[in-house]
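Student: This is the structure I want to talk about, given as structure tokens.
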Amino acid sequence: MNRIYLSPPHQSGAEVEFVNKVFASNWLAPVGDTLDSFELDIKNYCGSEVCALNSGSSALHLSLVIQNITHDDYVLVQTHTHIATINPIIYQGAIPIFIDSEEDTWNMCPQALEEAVKNCLAGKYGEAKLPKAIIPVHLYGMPAKMDGIMKVANTHGIPVIEDAAESLGSTYDDKHTGTFGKMGIYSFNGNKIITTSGGGALVSEDADLIQKAQFLATQARDNAPHYQHSQVGYNYRLSNVLAGIGRGQMQVLDDRIAARRANFERYKKYFAEVNTKGYSIQLQQEPQGSFSNRWLSCIVINPHVNKGITREAVRLAMEAKNIESRPLWKPMHLQPVFEKYPFVSTGVSERLFEIGLCLPSGSNLTDEDFERISSCLDSIFS
Ligand SMILES: *Cc1c(COP(=O)(O)O)cnc(C)c1O
């Protein structure tokens with residue numbers, strides 16, 4: 001039986017046409033009309049200025065460079081995330097301070113954030129100083145509690161950089177995730193809600209800042225006939241060819257969100273039925289005022305209220321049927337590579353890692369796929 005993946009790419013069919021136009025123009029380069037148009041597509045969608053880059057990771061890195069984050073600066077960052085959120089902090093020689101999640105959205109807890117700011121100012125982590133940035137993540141597409149986070153940020157005057165890699169199209173109080181802070185980033189990796197095979201974007205309301213991102217992403221070349229440089233830059237721009245894929249994908253973004261939300265509703269209905277048989281499976285909740293793109297549908301299975309069934313038992317049963325599922329992100333403060341950095345705990349991310357599971361959530365999941373998944377789950381939750 002063919003494998004059912006967690007979140008495979010999903011073509012619209014229009015990508016090839018856009019890419020063909022690029023070939024006809026001969027601009028097989030990190031510059032060109034299609035790249036400009038792709039940026040405009042994103043701008044028209046989320047409302048911010050856009051610099052398209054070769055990955056979400058490079059977008060995060062550039063955001064820290066632009067914010068002048070350097071050696072021994074404190075950066076307050078969500079612990080429950082993918083490692084790409086953290087790596088650029090290390091590239092800059094800064095110190096990540098891991099912030100635990102709250103129960104409702106599984107994202108950065110505003111209270112724990114406030115506590116971490118106070119700890120920084122009190123010299124609890126070394127030199128007493130204000131953190132240089134706050135990086136919340138909108139995990140699995142679910143918007144973080146941005147009102148609480150922005151309140152802490154504004155009270156102390158700390159810039160916010162939103163990792164919206166997983167949440168393109170998600171909104172909080174009708175405003176796009178990625179547009180609350182000083183900067184935001186999106187990812188167009190192959191497993192995200194739309195893909196350019198690999199790619200990303202840095203977004204901001206500040207046009208000067210986006211211009212600066214473009215400059216830094218193209219080797220920071222000064223205005224001169226020869227190659228003249230007065231600062232260190234990067235080769236981070238998105239290819240014009242891949243922007244063609246992105247243009248085809250942007251046309252169907254809203255359909256993809258609708259399909260992923262329909263997956264979630266299907267799982268919700270399925271587990272409501274399971275729960276009538278003496279189980280208690282919970283799904284990631286969407287609080288009032290939040291709209292999630294439901295990039296991944298996630299459940300938590302507490303064995304104490306589920307007849308001893310663990311999330312790992314479910315994962316292995318699915319794997320035996322060639323169905324991919326995955327534990328929720330292992331918190332970054334538990335990663336061997338980040339052991340030595342400070343952490344402000346609520347207990348939430350560690351528990352989620354123990355009992356949480358991401359289910360197949362592709363926008364191209366078929367009725368047949370869902371039948372296979374539910375009959376596999378039926379055999380566990382009988
Ligand atoms: C995918 C992802 C990234 C990195 O994006 P790439 O385009 O793969 O570099 C960053 N943060 C989170 C939360 C992600 O899921």
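Student: Please report, to one decimal in angstroms, the Kirkwood hydrodynamic radius of segment 321-365 built from all distinct Cα-Cα pairs.
Tutor: Result for segment 321-365, one decimal place: 12.5 Å.
Student: Take peptides 261-268, 118-125, 219-226 and line them up by average Cβ neighbours within 10 Å, highest first, as a rough protection proxy.
Tutor: Answer by packing, highest mean first, reads 261-268, 118-125, 219-226.
Student: Is segment 1-86 best put as rounded, prolate or oblate by its Cα gyration tensor, with a ≥ b ≥ c the root eigenvalues, rounded for a/c under 1.5, and otherwise prolate when a/b is larger than b/c, oblate when not?
Tutor: It comes out oblate by the Cα gyration axes.
Student: Once you have a ≥ b ≥ c as the square roots of the Cα gyration tensor eigenvalues for segment 84-166, tell me rounded if a/c is under 1.5, and otherwise prolate or oblate according to whether a/b is larger than b/c.
Tutor: Cα axes put segment 84-166 in the oblate bin.
Student: Still on this model: Counting pairs of alpha carbon atoms under 8 Å apart in space and at least six apart in sequence, what relative contact order in percent does the chain give?
Tutor: Worked out over the chain, it gives 24 percent.
Student: If you average the alpha carbon positions of segment 307-382 and of segment 31-84, how far apart do those two centres end up, in angstrom?
Tutor: Rounded to whole Å, the Cα centres lie 28 Å apart.
Student: Can you tell me the accessible area per residue over segment 262-370, all protein chains present, probe 1.4 angstrom, in square angstrom?
Tutor: 46 Å²
Student: Restricted to Cα positions, what overall size does segment 7-146 have along the principal axes? Three whole-Å values, descending.
Tutor: Result for segment 7-146: principal-axis Cα extents of 60, 34, 26 Å.
Student: Which shape class applies to the chain: rounded if a/c is under 1.5, otherwise prolate when a/b exceeds b/c and oblate if not, where a ≥ b ≥ c are the square roots of the Cα gyration tensor eigenvalues?
Tutor: Taking the square roots of the gyration eigenvalues as a ≥ b ≥ c, the chain is oblate.
Student: Determine the share of segment 1-77's accessible area contributed by carbon and sulfur atoms, expressed in whole percent, with a 1.4 angstrom probe.
Tutor: Taking all protein chains in place, segment 1-77 shows 52 percent carbon and sulfur surface.
Student: Moving on to the next point. For q values of 0.16, 0.17, 0.20, 0.22 Å⁻¹, compute log₁₀ I(q)/I(0) with the Debye formula on a Cα-only model of segment 269-364, without solvent.
Tutor: -0.82, -0.91, -1.15, -1.27
The values are calculated or read from the model by the stated rules, or taken from the named source; none is laboratory data. This one's a predicted model, so the numbers in the text were calculated from it and none came from an experiment. Counting neighbours? That spans all protein chains shown, and the Cβs are built from the backbone with ideal geometry, glycine included. Heavy atoms of the whole protein, side chains included, go into the accessibility calculation; ligands, DNA and RNA do not. Shrake-Rupley method; radii C 1.70, N 1.55, O 1.52, S 1.80 Å.
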